[in-house]
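The values are calculated or read from the model by the stated rules, or taken from the named source; none is laboratory data. Being a predicted model, the structure only gives us computed values, none of them experimental. Here the Cβ is made from the backbone with ideal geometry for all residues, glycine too, and neighbour counts use every protein chain on show. The accessibility values were calculated without ligands, DNA or RNA, using every heavy atom of the protein model including side chains. Shrake-Rupley method; radii C 1.70, N 1.55, O 1.52, S 1.80 Å.
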Amino acid sequence: MSSSTSRFTTFARWYPSRAAWRRWAGVAAVPVAAAALLLAALWVAVRVTPLQSVSTAGQTVEVGAASPGWGLSGPGELDLFGQTIATEPQFPGPVRPRLRLTHITANAELAQLLGSDEHGGAGTMGRQLAAGWLRYALWEGAVSAGVVVLVLTAVTGVRRYSLRRSAVVLATGAVAMSVVNLVGFSLLASGTPAALRHVHSLSDLVGRSPATPVAPVAGPSLGEVQAVVVGDSTAAGVGNRPLPAPDALDQACGRSADSYAEQLAQVNAWHVLNLACSGATIRDGLIGPQQSGSHTAPPQLAQLERAPKALVVIVGVGADDLHWADLTKLCAASPNCDDRATDAYFQQQMAQFVLDYRELLTQLAALPNHPTVIVNQYYDPFGSDIGCLGPLGVDSTKAKTLQNRLGQLNTALSQGADAAGFISVQPSFAGHTLCSTQPFVQGPKDRAPLHPTAAGELAVALADQRALSVAK
(Lines give C-alpha, C1' and ligand atoms only; values in the text may rest on other atoms or scores of the structure.)
Protein backbone atom coordinates (compact mmCIF):
# COMPACT_ATOMS: atom_id res chain seq x y z
CA MET A 1 0.00 0.00 0.00
CA SER A 2 1.38 3.38 -1.00
CA SER A 3 1.91 6.10 1.54
CA SER A 4 -0.79 8.28 -0.09
CA THR A 5 -3.30 5.48 0.18
CA SER A 6 -2.35 4.93 3.80
CA ARG A 7 -2.84 8.61 4.56
CA PHE A 8 -6.25 8.62 2.86
CA THR A 9 -7.33 5.57 4.84
CA THR A 10 -6.23 7.21 8.09
CA PHE A 11 -8.08 10.43 7.20
CA ALA A 12 -11.22 8.52 6.30
CA ARG A 13 -11.14 6.75 9.63
CA TRP A 14 -10.67 10.05 11.49
CA TYR A 15 -13.21 12.06 9.46
CA PRO A 16 -16.81 11.09 10.37
CA SER A 17 -19.12 9.73 7.75
CA ARG A 18 -22.18 11.63 6.54
CA ALA A 19 -24.36 9.35 8.65
CA ALA A 20 -22.30 10.14 11.73
CA TRP A 21 -22.64 13.85 11.02
CA ARG A 22 -26.39 13.48 10.88
CA ARG A 23 -26.40 11.62 14.21
CA TRP A 24 -24.27 14.30 15.87
CA ALA A 25 -26.41 17.04 14.39
CA GLY A 26 -29.52 15.30 15.68
CA VAL A 27 -28.05 15.04 19.17
CA ALA A 28 -26.91 18.68 19.15
CA ALA A 29 -30.28 19.88 17.86
CA VAL A 30 -32.11 18.60 20.93
CA PRO A 31 -30.69 21.11 23.47
CA VAL A 32 -30.81 23.90 20.91
CA ALA A 33 -34.47 23.19 20.15
CA ALA A 34 -35.22 22.87 23.86
CA ALA A 35 -33.62 26.23 24.62
CA ALA A 36 -35.47 27.85 21.72
CA LEU A 37 -38.75 26.36 22.95
CA LEU A 38 -38.23 27.63 26.49
CA LEU A 39 -37.35 31.16 25.32
CA ALA A 40 -40.27 31.23 22.87
CA ALA A 41 -42.65 30.04 25.60
CA LEU A 42 -41.33 32.76 27.90
CA TRP A 43 -41.81 35.38 25.17
CA VAL A 44 -45.38 34.23 24.51
CA ALA A 45 -46.23 34.03 28.21
CA VAL A 46 -45.11 37.61 28.93
CA ARG A 47 -47.49 38.80 26.21
CA VAL A 48 -50.55 36.70 26.97
CA THR A 49 -50.49 36.33 30.75
CA PRO A 50 -53.27 38.52 32.15
CA LEU A 51 -52.13 41.43 34.29
CA GLN A 52 -53.08 41.13 37.95
CA SER A 53 -55.56 43.65 39.29
CA VAL A 54 -54.75 45.57 42.46
CA SER A 55 -57.23 47.94 44.10
CA THR A 56 -55.88 50.36 46.66
CA ALA A 57 -56.04 54.03 47.61
CA GLY A 58 -59.06 54.58 45.41
CA GLN A 59 -57.30 53.37 42.28
CA THR A 60 -57.32 50.06 40.42
CA VAL A 61 -54.02 49.17 38.78
CA GLU A 62 -53.12 46.10 36.75
CA VAL A 63 -49.63 44.72 37.32
CA GLY A 64 -47.56 42.66 34.90
CA ALA A 65 -44.20 42.55 33.15
CA ALA A 66 -42.98 44.76 30.33
CA SER A 67 -41.04 43.32 27.44
CA PRO A 68 -37.53 42.51 28.75
CA GLY A 69 -34.88 45.14 28.08
CA TRP A 70 -31.17 44.82 27.51
CA GLY A 71 -29.99 47.02 30.36
CA LEU A 72 -29.10 45.83 33.85
CA SER A 73 -31.59 48.29 35.32
CA GLY A 74 -34.11 50.86 34.15
CA PRO A 75 -37.62 52.24 34.55
CA GLY A 76 -40.80 50.24 34.35
CA GLU A 77 -43.79 51.15 32.20
CA LEU A 78 -46.98 52.92 33.24
CA ASP A 79 -49.84 52.60 30.77
CA LEU A 80 -51.96 55.66 31.39
CA PHE A 81 -55.01 55.95 29.12
CA GLY A 82 -53.22 54.33 26.19
CA GLN A 83 -50.01 56.32 26.63
CA THR A 84 -46.87 54.49 27.81
CA ILE A 85 -44.85 56.49 30.34
CA ALA A 86 -41.54 55.52 31.91
CA THR A 87 -41.78 55.23 35.68
CA GLU A 88 -39.68 57.37 37.97
CA PRO A 89 -38.52 54.41 40.12
CA GLN A 90 -35.72 52.37 38.56
CA PHE A 91 -35.95 48.59 38.73
CA PRO A 92 -32.95 46.23 38.79
CA GLY A 93 -32.63 43.65 36.04
CA PRO A 94 -33.98 43.41 32.49
CA VAL A 95 -37.42 42.15 33.61
CA ARG A 96 -39.37 45.17 34.87
CA PRO A 97 -42.99 45.81 35.82
CA ARG A 98 -45.72 47.17 33.63
CA LEU A 99 -48.59 48.93 35.37
CA ARG A 100 -51.89 50.04 33.87
CA LEU A 101 -54.41 52.33 35.56
CA THR A 102 -57.91 51.01 34.89
CA HIS A 103 -60.19 52.60 37.48
CA ILE A 104 -60.39 55.86 39.42
CA THR A 105 -62.75 56.32 42.35
CA ALA A 106 -63.41 59.33 44.57
CA ASN A 107 -59.84 60.55 44.77
CA ALA A 108 -58.12 58.82 47.66
CA GLU A 109 -54.92 60.78 47.09
CA LEU A 110 -56.77 64.03 47.80
CA ALA A 111 -58.24 62.42 50.91
CA GLN A 112 -54.74 61.52 52.10
CA LEU A 113 -53.63 65.12 51.60
CA LEU A 114 -56.56 66.27 53.72
CA GLY A 115 -55.48 63.94 56.51
CA SER A 116 -57.76 60.97 55.91
CA ASP A 117 -56.29 57.59 56.80
CA GLU A 118 -59.29 55.55 55.76
CA HIS A 119 -57.45 53.85 52.92
CA GLY A 120 -54.93 52.07 55.10
CA GLY A 121 -51.92 54.38 55.11
CA ALA A 122 -49.29 55.35 52.61
CA GLY A 123 -47.61 51.94 52.44
CA THR A 124 -50.71 50.07 51.32
CA MET A 125 -50.32 50.72 47.62
CA GLY A 126 -46.70 49.55 47.54
CA ARG A 127 -47.52 46.33 49.36
CA GLN A 128 -50.46 45.65 47.07
CA LEU A 129 -48.38 46.31 43.95
CA ALA A 130 -45.65 43.97 45.19
CA ALA A 131 -48.24 41.27 45.91
CA GLY A 132 -49.73 41.78 42.45
CA TRP A 133 -46.27 41.39 40.88
CA LEU A 134 -45.69 38.09 42.68
CA ARG A 135 -49.10 36.81 41.58
CA TYR A 136 -48.26 37.78 38.03
CA ALA A 137 -44.96 35.89 38.25
CA LEU A 138 -46.82 32.74 39.35
CA TRP A 139 -49.37 33.09 36.55
CA GLU A 140 -46.66 33.77 33.98
CA GLY A 141 -44.85 30.63 35.11
CA ALA A 142 -48.02 28.57 34.75
CA VAL A 143 -48.78 30.00 31.31
CA SER A 144 -45.26 29.45 29.98
CA ALA A 145 -45.27 25.87 31.31
CA GLY A 146 -48.62 25.36 29.62
CA VAL A 147 -47.21 26.61 26.31
CA VAL A 148 -44.29 24.17 26.57
CA VAL A 149 -46.60 21.26 27.41
CA LEU A 150 -48.87 22.15 24.48
CA VAL A 151 -45.97 22.21 22.00
CA LEU A 152 -44.45 18.99 23.37
CA THR A 153 -47.84 17.28 23.23
CA ALA A 154 -47.94 18.00 19.51
CA VAL A 155 -44.35 16.76 19.05
CA THR A 156 -44.89 13.52 20.95
CA GLY A 157 -48.08 12.93 19.00
CA VAL A 158 -46.37 13.43 15.64
CA ARG A 159 -43.46 11.18 16.64
CA ARG A 160 -45.86 8.62 18.12
CA TYR A 161 -44.15 8.28 21.47
CA SER A 162 -45.46 5.79 23.94
CA LEU A 163 -47.70 7.03 26.70
CA ARG A 164 -44.95 6.61 29.28
CA ARG A 165 -42.32 8.34 27.17
CA SER A 166 -44.75 11.16 26.36
CA ALA A 167 -45.47 11.68 30.05
CA VAL A 168 -41.73 11.86 30.81
CA VAL A 169 -41.16 14.40 28.00
CA LEU A 170 -44.09 16.58 29.09
CA ALA A 171 -43.10 16.51 32.74
CA THR A 172 -39.49 17.31 31.90
CA GLY A 173 -40.56 20.26 29.73
CA ALA A 174 -42.89 21.66 32.40
CA VAL A 175 -40.24 21.32 35.12
CA ALA A 176 -37.56 22.89 32.91
CA MET A 177 -39.81 25.84 32.11
CA SER A 178 -40.69 26.30 35.79
CA VAL A 179 -37.00 26.30 36.70
CA VAL A 180 -36.23 28.85 33.99
CA ASN A 181 -39.01 31.11 35.30
CA LEU A 182 -37.94 30.69 38.90
CA VAL A 183 -34.32 31.45 38.11
CA GLY A 184 -35.30 34.24 35.74
CA PHE A 185 -37.52 36.12 38.20
CA SER A 186 -35.14 35.38 41.09
CA LEU A 187 -32.05 36.66 39.30
CA LEU A 188 -33.39 39.14 36.77
CA ALA A 189 -36.18 40.74 38.82
CA SER A 190 -35.29 40.03 42.43
CA GLY A 191 -35.39 43.69 43.45
CA THR A 192 -38.75 44.50 41.88
CA PRO A 193 -40.98 43.67 44.89
CA ALA A 194 -38.84 45.83 47.18
CA ALA A 195 -38.89 48.72 44.70
CA LEU A 196 -42.68 48.48 44.35
CA ARG A 197 -43.14 48.55 48.13
CA HIS A 198 -41.68 52.06 48.15
CA VAL A 199 -44.48 53.31 45.89
CA HIS A 200 -46.98 55.19 48.08
CA SER A 201 -49.16 56.59 45.29
CA LEU A 202 -49.42 56.65 41.54
CA SER A 203 -47.80 60.06 41.67
CA ASP A 204 -44.66 58.38 43.01
CA LEU A 205 -44.47 56.33 39.83
CA VAL A 206 -44.10 59.43 37.66
CA GLY A 207 -42.19 61.67 40.04
CA ARG A 208 -45.02 64.09 40.74
CA SER A 209 -46.52 65.45 43.89
CA PRO A 210 -50.11 64.34 44.52
CA ALA A 211 -52.81 66.67 43.29
CA THR A 212 -53.80 69.53 45.57
CA PRO A 213 -57.55 70.03 45.99
CA VAL A 214 -58.81 73.13 44.20
CA ALA A 215 -60.38 75.49 46.73
CA PRO A 216 -63.72 77.09 45.75
CA VAL A 217 -63.41 80.64 44.49
CA ALA A 218 -64.92 83.36 46.64
CA GLY A 219 -68.44 84.41 45.75
CA PRO A 220 -72.06 83.58 46.32
CA SER A 221 -73.37 80.07 45.71
CA LEU A 222 -74.82 79.50 42.24
CA GLY A 223 -77.59 77.19 43.33
CA GLU A 224 -79.66 77.84 40.19
CA VAL A 225 -77.03 76.33 37.86
CA GLN A 226 -78.01 72.89 36.52
CA ALA A 227 -75.05 72.25 34.20
CA VAL A 228 -71.46 73.50 33.90
CA VAL A 229 -69.13 73.45 30.90
CA VAL A 230 -65.36 73.61 31.45
CA GLY A 231 -62.70 73.54 28.79
CA ASP A 232 -60.92 75.37 26.01
CA SER A 233 -61.79 77.47 22.95
CA THR A 234 -63.88 74.72 21.33
CA ALA A 235 -66.14 74.67 24.39
CA ALA A 236 -66.13 78.46 24.58
CA GLY A 237 -67.38 78.63 20.99
CA VAL A 238 -64.67 81.04 19.90
CA GLY A 239 -65.12 82.68 16.50
CA ASN A 240 -68.91 82.65 16.60
CA ARG A 241 -71.49 85.26 17.72
CA PRO A 242 -70.58 86.96 20.99
CA LEU A 243 -72.81 86.71 24.04
CA PRO A 244 -75.52 89.40 24.17
CA ALA A 245 -74.21 90.96 27.38
CA PRO A 246 -70.67 89.67 27.91
CA ASP A 247 -68.56 90.67 30.86
CA ALA A 248 -64.83 91.32 30.55
CA LEU A 249 -63.90 87.69 31.15
CA ASP A 250 -66.47 86.42 28.65
CA GLN A 251 -64.87 88.63 26.03
CA ALA A 252 -61.31 87.67 26.98
CA CYS A 253 -62.19 83.97 26.81
CA GLY A 254 -64.12 84.21 23.54
CA ARG A 255 -67.34 82.76 24.92
CA SER A 256 -70.07 82.68 22.32
CA ALA A 257 -73.85 82.71 22.12
CA ASP A 258 -73.47 79.77 19.71
CA SER A 259 -71.42 77.57 22.05
CA TYR A 260 -72.75 74.11 22.80
CA ALA A 261 -73.26 75.27 26.39
CA GLU A 262 -75.81 77.81 25.14
CA GLN A 263 -77.37 75.24 22.80
CA LEU A 264 -77.87 72.77 25.65
CA ALA A 265 -79.31 75.52 27.84
CA GLN A 266 -81.97 76.30 25.24
CA VAL A 267 -82.89 72.68 24.52
CA ASN A 268 -83.24 71.69 28.17
CA ALA A 269 -84.38 75.03 29.63
CA TRP A 270 -81.34 74.86 31.87
CA HIS A 271 -79.21 77.49 33.50
CA VAL A 272 -75.82 76.47 32.07
CA LEU A 273 -72.63 78.04 33.40
CA ASN A 274 -70.00 78.17 30.65
CA LEU A 275 -66.56 78.53 32.22
CA ALA A 276 -64.60 77.48 29.11
CA CYS A 277 -61.87 79.84 27.99
CA SER A 278 -59.82 80.09 24.81
CA GLY A 279 -56.30 78.79 25.41
CA ALA A 280 -57.21 76.87 28.57
CA THR A 281 -55.18 73.83 29.55
CA ILE A 282 -55.71 71.53 32.49
CA ARG A 283 -52.87 73.16 34.43
CA ASP A 284 -53.53 76.73 33.37
CA GLY A 285 -57.27 77.05 33.16
CA LEU A 286 -59.07 74.14 34.80
CA ILE A 287 -56.96 73.30 37.87
CA GLY A 288 -54.94 76.50 37.99
CA PRO A 289 -55.68 80.13 37.09
CA GLN A 290 -55.33 81.30 33.49
CA GLN A 291 -53.99 84.58 32.21
CA SER A 292 -56.18 85.68 29.28
CA GLY A 293 -54.99 89.00 27.95
CA SER A 294 -55.06 91.49 30.80
CA HIS A 295 -57.50 89.33 32.77
CA THR A 296 -56.83 86.47 35.15
CA ALA A 297 -59.48 83.77 35.09
CA PRO A 298 -59.82 81.79 38.33
CA PRO A 299 -59.45 78.00 38.03
CA GLN A 300 -62.53 76.66 36.29
CA LEU A 301 -62.87 73.89 38.87
CA ALA A 302 -62.84 76.51 41.63
CA GLN A 303 -65.73 78.31 39.90
CA LEU A 304 -67.47 74.99 39.29
CA GLU A 305 -67.59 74.36 43.04
CA ARG A 306 -69.80 77.43 43.42
CA ALA A 307 -72.54 75.44 41.64
CA PRO A 308 -73.22 72.70 44.22
CA LYS A 309 -76.49 71.58 42.62
CA ALA A 310 -75.17 71.15 39.07
CA LEU A 311 -76.25 67.72 37.83
CA VAL A 312 -74.11 67.74 34.68
CA VAL A 313 -70.49 68.72 34.02
CA ILE A 314 -69.20 68.73 30.43
CA VAL A 315 -65.44 68.77 29.80
CA GLY A 316 -63.76 69.79 26.55
CA VAL A 317 -59.99 70.00 26.96
CA GLY A 318 -56.73 68.71 25.52
CA ALA A 319 -55.93 70.58 22.31
CA ASP A 320 -54.20 73.49 24.01
CA ASP A 321 -52.32 71.12 26.32
CA LEU A 322 -50.74 69.63 23.19
CA HIS A 323 -50.24 73.00 21.46
CA TRP A 324 -52.42 71.64 18.69
CA ALA A 325 -52.70 74.91 16.76
CA ASP A 326 -48.91 75.27 16.62
CA LEU A 327 -48.47 71.65 15.56
CA THR A 328 -51.00 72.12 12.77
CA LYS A 329 -49.32 75.29 11.48
CA LEU A 330 -45.89 73.63 11.66
CA CYS A 331 -47.23 70.63 9.76
CA ALA A 332 -48.64 72.82 7.00
CA ALA A 333 -45.40 74.80 6.67
CA SER A 334 -43.02 71.80 6.76
CA PRO A 335 -42.27 69.41 3.91
CA ASN A 336 -42.89 66.51 6.29
CA CYS A 337 -44.71 66.73 9.64
CA ASP A 338 -44.06 63.10 10.61
CA ASP A 339 -40.34 63.50 11.28
CA ARG A 340 -38.73 62.11 14.41
CA ALA A 341 -38.30 65.44 16.14
CA THR A 342 -41.94 66.46 15.73
CA ASP A 343 -43.22 63.04 16.73
CA ALA A 344 -40.96 62.99 19.81
CA TYR A 345 -42.27 66.42 20.81
CA PHE A 346 -45.87 65.30 20.37
CA GLN A 347 -45.33 62.14 22.42
CA GLN A 348 -43.71 64.20 25.18
CA GLN A 349 -46.72 66.53 25.23
CA MET A 350 -49.08 63.52 25.31
CA ALA A 351 -47.21 62.05 28.27
CA GLN A 352 -47.59 65.32 30.20
CA PHE A 353 -51.22 65.62 29.19
CA VAL A 354 -52.32 62.20 30.49
CA LEU A 355 -50.69 62.92 33.84
CA ASP A 356 -52.57 66.22 34.10
CA TYR A 357 -55.74 64.54 32.84
CA ARG A 358 -55.60 61.94 35.62
CA GLU A 359 -55.42 64.75 38.17
CA LEU A 360 -58.42 66.44 36.56
CA LEU A 361 -60.42 63.21 36.58
CA THR A 362 -59.69 62.51 40.22
CA GLN A 363 -60.74 66.05 41.17
CA LEU A 364 -63.99 65.66 39.22
CA ALA A 365 -64.60 62.27 40.81
CA ALA A 366 -64.31 63.92 44.24
CA LEU A 367 -67.11 66.47 43.62
CA PRO A 368 -69.52 66.07 46.53
CA ASN A 369 -72.70 66.18 44.44
CA HIS A 370 -71.44 63.44 42.06
CA PRO A 371 -72.71 65.02 38.83
CA THR A 372 -72.90 63.21 35.52
CA VAL A 373 -69.61 64.02 33.81
CA ILE A 374 -69.29 64.03 30.02
CA VAL A 375 -65.86 64.22 28.40
CA ASN A 376 -66.06 65.46 24.82
CA GLN A 377 -63.56 64.06 22.36
CA TYR A 378 -62.45 66.12 19.38
CA TYR A 379 -64.06 65.97 15.94
CA ASP A 380 -62.05 65.22 12.79
CA PRO A 381 -61.91 68.53 10.88
CA PHE A 382 -60.32 67.08 7.73
CA GLY A 383 -62.34 64.06 6.65
CA SER A 384 -61.40 62.23 3.45
CA ASP A 385 -61.64 65.20 1.08
CA ILE A 386 -58.84 67.71 1.65
CA GLY A 387 -58.56 69.10 -1.88
CA CYS A 388 -59.19 72.66 -0.72
CA LEU A 389 -56.21 72.51 1.66
CA GLY A 390 -53.58 71.89 -1.02
CA PRO A 391 -52.74 75.59 -1.47
CA LEU A 392 -52.18 75.81 2.28
CA GLY A 393 -49.56 73.05 2.25
CA VAL A 394 -51.69 70.22 3.63
CA ASP A 395 -51.73 67.06 1.52
CA SER A 396 -53.26 63.65 2.28
CA THR A 397 -50.13 62.39 4.04
CA LYS A 398 -49.98 65.39 6.35
CA ALA A 399 -53.71 65.19 7.04
CA LYS A 400 -53.33 61.51 7.95
CA THR A 401 -50.54 62.35 10.40
CA LEU A 402 -52.67 65.01 12.07
CA GLN A 403 -55.67 62.66 12.20
CA ASN A 404 -53.54 59.94 13.82
CA ARG A 405 -52.32 62.35 16.49
CA LEU A 406 -55.83 63.57 17.11
CA GLY A 407 -56.81 59.90 17.44
CA GLN A 408 -54.20 59.43 20.19
CA LEU A 409 -55.65 62.37 22.09
CA ASN A 410 -59.19 61.02 21.73
CA THR A 411 -58.07 57.57 22.89
CA ALA A 412 -56.63 59.13 26.05
CA LEU A 413 -59.78 61.16 26.63
CA SER A 414 -62.01 58.10 26.15
CA GLN A 415 -59.97 55.68 28.27
CA GLY A 416 -59.60 58.21 31.06
CA ALA A 417 -63.34 58.87 31.12
CA ASP A 418 -64.01 55.12 31.24
CA ALA A 419 -61.56 54.67 34.12
CA ALA A 420 -63.35 57.37 36.12
CA GLY A 421 -66.81 56.03 35.32
CA PHE A 422 -67.65 59.08 33.21
CA ILE A 423 -69.26 59.32 29.77
CA SER A 424 -67.11 59.89 26.70
CA VAL A 425 -68.68 61.44 23.60
CA GLN A 426 -67.26 61.51 20.06
CA PRO A 427 -68.96 64.21 17.95
CA SER A 428 -69.03 63.44 14.22
CA PHE A 429 -68.65 66.06 11.51
CA ALA A 430 -68.91 63.47 8.73
CA GLY A 431 -70.04 65.14 5.52
CA HIS A 432 -69.40 68.57 7.01
CA THR A 433 -65.60 68.74 7.23
CA LEU A 434 -63.42 71.59 5.99
CA CYS A 435 -63.69 71.03 2.24
CA SER A 436 -67.40 70.15 2.19
CA THR A 437 -70.07 72.49 0.85
CA GLN A 438 -71.54 72.99 4.35
CA PRO A 439 -68.62 72.70 6.75
CA PHE A 440 -69.09 72.50 10.51
CA VAL A 441 -65.51 73.76 10.85
CA GLN A 442 -64.27 77.31 10.43
CA GLY A 443 -61.91 77.67 7.48
CA PRO A 444 -58.45 79.25 7.23
CA LYS A 445 -59.92 82.72 6.52
CA ASP A 446 -62.45 82.64 9.37
CA ARG A 447 -61.90 84.17 12.80
CA ALA A 448 -61.02 80.85 14.49
CA PRO A 449 -59.69 78.32 11.94
CA LEU A 450 -60.41 74.62 12.67
CA HIS A 451 -62.91 75.54 15.41
CA PRO A 452 -66.60 74.61 15.11
CA THR A 453 -69.00 76.91 13.37
CA ALA A 454 -72.39 77.56 14.98
CA ALA A 455 -73.64 74.42 13.20
CA GLY A 456 -70.62 72.50 14.50
CA GLU A 457 -71.33 73.62 18.06
CA LEU A 458 -74.90 72.40 17.58
CA ALA A 459 -73.59 69.03 16.40
CA VAL A 460 -71.52 68.74 19.58
CA ALA A 461 -74.54 69.73 21.68
CA LEU A 462 -76.69 67.06 20.00
CA ALA A 463 -74.04 64.39 20.68
CA ASP A 464 -73.96 65.42 24.35
CA GLN A 465 -77.76 65.45 24.50
CA ARG A 466 -77.93 61.89 23.16
CA ALA A 467 -75.40 60.76 25.75
CA LEU A 468 -77.41 62.38 28.53
CA SER A 469 -80.60 60.72 27.30
CA VAL A 470 -78.96 57.31 27.45
CA ALA A 471 -77.50 58.02 30.89
CA LYS A 472 -80.88 58.87 32.45
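Expressed as a whole percent, the accessible surface of region 297-436 that belongs to carbon and sulfur atoms is 53, based on a 1.4 Å probe.
Per the 1.4 Å probe, what fraction of the accessible area of region 202-293, in percent, lies on carbon and sulfur atoms? Of the solvent-accessible surface of region 202-293, carbon and sulfur hold 54 percent.
A Förster distance of 51 Å, applied to the separation of the beta-carbon atoms of residue 105 and residue 437, puts the FRET efficiency at 0.60. Using bins of 5 Å that start at zero, the share of Cα-Cα pairs per bin across region 335-472 amounts to 2, 9, 16, 18, 18, 16, 12, 6, 3, 1, 0, in whole %. Taking the full set of protein chains and a 1.4 angstrom probe, give the accessible area of residue 85 in square angstrom, rounded to the nearest 10. Estimated to the nearest 10 Å², residue 85 gives 20 Å². So, in Å, what gap is there between the alpha-carbon centers of region 198-276 and region 295-326? One Cα centre to the other: 4 Å.
In this structure, residue 325 and residue 155 have a Cβ-Cβ separation that, at R0 = 60 Å, corresponds to a calculated FRET efficiency of about 0.50.
Label-to-label distance, residue 372 versus residue 309, with points set 7 angstrom from Cα along the beta-carbon direction: 1.8 nm. Computed from the C-beta positions of residue 188 and residue 332, the FRET efficiency with R₀ = 51 Å rounds to 0.60. On a per residue basis, the chain carries 49 Å² of accessible surface, using protein heavy atoms and a 1.4 Å probe. Distance between the modelled labels on residue 266 and residue 400, one decimal in nanometres: 4.0 nm (7 Å Cα→Cβ projection).
Every pair of different Cα atoms in region 129-262 enters the Kirkwood calculation, which places the hydrodynamic radius at 21.8 Å. With the charge dipole of the chain set up from +1 on Lys and Arg Cβ and -1 on Asp and Glu Cβ about the Cα centre, the Cα lying farthest toward the positive end among the listed residues 104, 279, 230 is that of 104. Were the residues from residue 340 through residue 445 laid out at 0.36 nm apart, the gain over their Cα-Cα distance would be 34.7 nm.
Full extension of the chain segment joining residue 47 with residue 138 gains 31.3 nm, where the gain is 0.36 nm per residue of separation less the Cα-Cα distance.
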